[in-house]
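Report on the following structure.
The values are calculated or read from the model by the stated rules, or taken from the named source; none is laboratory data. Keep in mind that this is a model prediction, so the values were computed, not measured. Here the Cβ positions follow ideal geometry from the backbone for every residue, glycine too, while neighbour counts run over all protein chains shown. All accessible areas refer to the heavy atoms of the entire protein, side chains included, with ligands and DNA or RNA removed. Shrake-Rupley method; radii C 1.70, N 1.55, O 1.52, S 1.80 Å.
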Amino acid sequence: MQFEEFIERLPKISNLELLGQKAHYLMAPTERIEALNELDIEARKPRWAGVMSLFYPHKVSGETMLVLILRKTYKGVHSNQVGFPGGKAEDFDENIQETALRETEEEIGVDRTSIEVFKKLTKVYIPPSNFWVQPFIGIVRHTPKFVKEDSEVEAILEVPLAEFLSETSIISQTVDTSYGKMVDVPAFLLTEKVVWGATAMMLSEVKWALQQLA
């Protein structure tokens, strides 16, 4: 889809009633669903993070693109995984949307003032790191000049919207999970990278929401 058509349709999303957890569970393994249902999340006093599902026009073709990041390899639960730009909330952030905007700018170099936020999506809880993650859908009306934060970001991934929305982007993958065993999980295959876990769950709601604009 060309970006001009995309931004003409996107305002419809502001009043869209979200699918929420139903969308998340489409891309969650049974083990994760069972674990979440057994947790008293608020008793664990989770921290908060904000992330951005950011769309923009391809510089040459004008096609709508989605940006994701590949995280660095490190000693942590999200090492070498694909995710949205974003990160943890700080005390100086006015709200969680400001967190998502600030962290997006820090991680991929997109000026936060150029990002238009269209929709607050459904939050996702991540048990291994004890975070609530709040995603947003936003756009940049020009092709950004990405600058990755080398300490945290291994690569910036530019995903065509058509590839993301295609049914062939959904696969099954065996991964080593935080539950201590290899598990077959639903995942997205985007730019030849496997995207699973909380990011896939959030992407599922993004995909569903965009499909309603057709």
Original post:
In the range 143-164, how many residues are among the small types (G, A, S), more than 15 Å from P57 (Cβ to Cβ) and either at pLDDT below 95 or open to solvent by 50 Å² or more (accessible area, probe 1.4 Å) (or both)?
Top reply: 1
Original post:
Tell me, which residue of the range 105-116 that is touching a helix residue (DSSP H, G or I) at 6+ places or on another chain (Cβ under 7 Å) and free of Cβ contacts under 8 Å to residues at least 40 places away in the same chain is least open to solvent (accessible area, probe 1.4 Å)?
Top reply: E105
Original post:
Could you give every pair whose Cβ atoms fall below 6 Å, whose first residue belongs to the range 25-40 and is at negative phi, and whose second residue is not in a helix (DSSP H, G or I), counting only separations of at least 6 or pairs across chains?
Top reply: M27/P186; P29/V183; P29/V185; E31/Y179; E31/V183
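Table: residues versus (1) closer than 24 Å to V140 by Cβ; (2) in a loop (DSSP other than H, G, I, E, B); (3) open to solvent by less than 10 Å² (accessible area, probe 1.4 Å); (4) hydroxyl-bearing (S, T, Y).
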position	(1), (2), (3), (4)
F6	yes, no, yes, no
S14	yes, no, no, yes
A23	no, no, yes, no
D40	no, yes, no, no
L66	yes, no, yes, no
Subject >> Sole residue being out of contact with any strand residue (DSSP E or B) (no Cβ under 8 Å at 6 or more places or on another chain) and surrounded by 15 or more Cβ atoms within 10 Å (Cβ to Cβ), chosen from W132, W208 >> reply: W208
**OP:** Consider T168 carefully, then state whether it is assigned to a helix (DSSP H, G or I), out of contact with any His (no Cβ under 6 Å at 6 or more places or on another chain) and surrounded by fewer than 18 Cβ atoms within 10 Å (Cβ to Cβ).
**Re:** yes
